[in-house]
Amino acid sequence: MSMGGLEFSLNAITVLVSFAAVVYWVKFFRRIALSGRQGIGWIWIFASVLMVLLLNLSAIVMFTSESVVLVGSGDTFVVEVTKMELMNTLARTIIAVSVTFGAYLLYESMGSADGMKYMFKPVQSLAEARSKAEQKFSLEPGQTYLVLSGPNVTDDAGVEWDMFVDMVTHGTYGFAITRTYPPALRERYGVVKTPILWLTKDKAFKDCIHPTSLIDLSHMVKDFISHDGKTVVLLDGLVYLISHNDFNDVLKIIQGLNDVVVQFDSRIIMPIDPEALTERQFHMLKTEAKLWVP
C-alpha cells in the first residue's frame, strides 16, 4: 500500500471513530438530566466532539484535493485547499473554546463536601416544630421499610407520609423525595422546614431532581444521612424512578443506601404499589427492605 493510500485509510478510520463518538454522546445526553449550568457545560463539550468530526472530514477532503479524483464521466473533484485549512483552524479554535468553557461550567455547577463532588448542593437539615401529641409510629433504627400502597393493598392512603411526619415532628431530622408537588404536601401535612425534593423533569422548580439522575440522588441521601445520623428519609416515587431507569440500576441505588442506613441508625420509608412491578422485581425489592405491617 502506498503512503497516500495508507494516509487515506487512516483518515477514513478516524472519521468512523469520530462519528461513533458523536453517536454515543447523543445516547449519553438521553441518559442525563440537562438542567442548569451543568447541562449547558455538557452541550459545550459536545460541540468540541462535533468539531473533531468536522476536522477529520475536512482531512479527507484535503487529501482528495491533492489527488486526481474523477467524479461521474471524467469530471475532476476540485476544492480550494486554503478554505479547507481555514476550516481546520476554525474547528480547532472552537474545540479549544468549547472544551474550556464547558469544563468551567461543569466545575462551577458542582459543590464540594468532604472531598465528594455533587451536582446539587447538600441537603440542609432543619427541625420541624415538635408536636405535643404522642408519637404513633416506632421505626427501628438502621432499617429500610417497604410500605405497600395502591388500591388493592390498603385503604390507608398516605400512610407513608403519616409515618414520616410523625417522625420529623418528634425530634428526627427528615428528608423527602417525592413525585407529588411539594407545596401541596407542605400544606396538607403542615411540614414547614423539612427539605422536600420533587422528582420531576420540570427544570423550573427550585428543589427538584430529574428521574434519571440516580447518582446525584444517591449522593444527596447518603450525605444527608452521614451528616445527621439517626434521620428518616422518605423515598416516595420508586415506580417513577423505575419507569425512567433500568430496574437493576434503581435496585443498586437502594442497596447502596441500605449500607449507609445501617451504619448511621437511620431509616428509609419506601411506598410501593406491588401491581406496578413484575413478581420478580417485587421479590428483589423485598429482599432489600422490611415490609411494614400496620
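Scan the range 246-291 for residues that are of a type in the set (V, I, T) and closer than 21 Å to H227 by Cβ and jot them down. Show your work before the answer.
Step one: filter the range 246-291 for residues of a type in the set (V, I, T), giving 250, 253-254, 260-262, 268-269, 272, 278, 287.
Those that are of a type in the set (V, I, T) and closer than 21 Å to H227 by Cβ: I253, I254, V260, V261, V262, I268, I269.
Are any residues in the range 182-208 surrounded by fewer than 16 Cβ atoms within 10 Å (Cβ to Cβ) and farther than 22 Å from A129 by Cα, and if so, which ones? I'd like the intermediate steps shown before the answer.
From the range 182-208, those surrounded by fewer than 16 Cβ atoms within 10 Å (Cβ to Cβ) are 183-184, 186-188, 190, 192-193, 201-207; that's our starting set.
K201, D202, K203, A204, F205, K206, listed by residue number.
Does V159 qualify as being farther than 20 Å from K290 by Cα, surrounded by fewer than 20 Cβ atoms within 10 Å (Cβ to Cβ) and among the hydrophobic types (A, V, I, L, M, F, W, C)? Even if it seems obvious, please write down each step before you answer.
Working: farther than 20 Å from K290 by Cα: no; surrounded by fewer than 20 Cβ atoms within 10 Å (Cβ to Cβ): yes; among the hydrophobic types (A, V, I, L, M, F, W, C): yes.
It is false that V159 is farther than 20 Å from K290 by Cα, surrounded by fewer than 20 Cβ atoms within 10 Å (Cβ to Cβ) and among the hydrophobic types (A, V, I, L, M, F, W, C).
Need the failing condition index for S138 against (1) under 25 Å from the mean Cα position of the chain (by Cα); (2) closer than 23 Å to K286 by Cα, just the number.
For S138, the exception is condition (1).
I need every pair where a residue in the range 195-212 that is touching a residue at least 12 places away in the same chain (Cβ under 8 Å) and acidic (D, E) has its Cβ under 8 Å from the Cβ of a residue that is assigned to a loop (DSSP other than H, G, I, E, B) and surrounded by 12 or more Cβ atoms within 10 Å (Cβ to Cβ), sequence separation at least 6 or different chains.
Once the first residue is touching a residue at least 12 places away in the same chain (Cβ under 8 Å) and acidic (D, E) and sits in the range 195-212, its partners that are assigned to a loop (DSSP other than H, G, I, E, B) and surrounded by 12 or more Cβ atoms within 10 Å (Cβ to Cβ) give D207/P195.
Within the range 187-219, count every residue that is in a helix (DSSP H, G or I) and in contact with a strand residue (DSSP E or B) (Cβ under 7 Å, 6 or more places away or on another chain). Outline the logic, then answer.
Let us first name the residues in the range 187-219 that are in a helix (DSSP H, G or I), namely 187-189, 214-219.
Next, from what is left, pick out any that are in contact with a strand residue (DSSP E or B) (Cβ under 7 Å, 6 or more places away or on another chain): 216-217, 219.
Within the range 187-219, residues that are in a helix (DSSP H, G or I) and in contact with a strand residue (DSSP E or B) (Cβ under 7 Å, 6 or more places away or on another chain) number 3.
What is the number of the single condition among (1) under 21 Å from L139 (Cα atoms); (2) part of a loop (DSSP other than H, G, I, E, B) that F224 does not meet?
Checking F224 against (1) under 21 Å from L139 (Cα atoms); (2) part of a loop (DSSP other than H, G, I, E, B), the one that fails is (2).
What tally of residues in the range 196-236 results from selecting those that are over 12 Å from G174 (Cβ atoms), basic (K, R) and modelled with pLDDT under 90?
3
Before we move on, is L291 within 14 Å of L146 (Cβ to Cβ), in contact with a strand residue (DSSP E or B) (Cβ under 7 Å, 6 or more places away or on another chain), buried (at least 17 other Cβ atoms within 10 Å of the Cβ) and of a type in the set (A, V, I, L, M)? Spell out how you get there, then give the answer.
Numbers: within 14 Å of L146 (Cβ to Cβ): yes; in contact with a strand residue (DSSP E or B) (Cβ under 7 Å, 6 or more places away or on another chain): yes; buried (at least 17 other Cβ atoms within 10 Å of the Cβ): no; of a type in the set (A, V, I, L, M): yes.
Considered against the rule, which asks whether it is within 14 Å of L146 (Cβ to Cβ), in contact with a strand residue (DSSP E or B) (Cβ under 7 Å, 6 or more places away or on another chain), buried (at least 17 other Cβ atoms within 10 Å of the Cβ) and of a type in the set (A, V, I, L, M), L291 comes out as no.
Residues of the range 164-186 being under 28 Å from the mean Cα position of the chain (by Cα) and assigned to a helix (DSSP H, G or I), which ones?
Answer for the range 164-186, where residues must be under 28 Å from the mean Cα position of the chain (by Cα) and assigned to a helix (DSSP H, G or I): F164, V165, V168, P182, P183, A184, L185, R186.
Could you check D249 against (1) touching a Ser or Thr at 6+ places or on another chain (Cβ under 6 Å); (2) closer than 18 Å to T287 by Cβ and say which number it fails?
If we test D249 against (1) touching a Ser or Thr at 6+ places or on another chain (Cβ under 6 Å); (2) closer than 18 Å to T287 by Cβ, just (1) comes out false.
Conditions tested, residue by residue: (1) buried (at least 19 other Cβ atoms within 10 Å of the Cβ); (2) assigned by TED's automatic domain parsing to the domain that holds P182; (3) of a type in the set (V, I, T).
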site	(1), (2), (3)
V232	yes, yes, yes
I242	yes, yes, yes
D249	no, yes, no
K252	no, yes, no
V262	no, yes, yes
A276	no, yes, no
E279	no, yes, no
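The values are calculated or read from the model by the stated rules, or taken from the named source; none is laboratory data. Since we're looking at a predicted model, the values are computed, not measured. Reconstructed Cβ throughout: ideal geometry from the backbone, glycine too, with neighbour counts over all protein chains shown.
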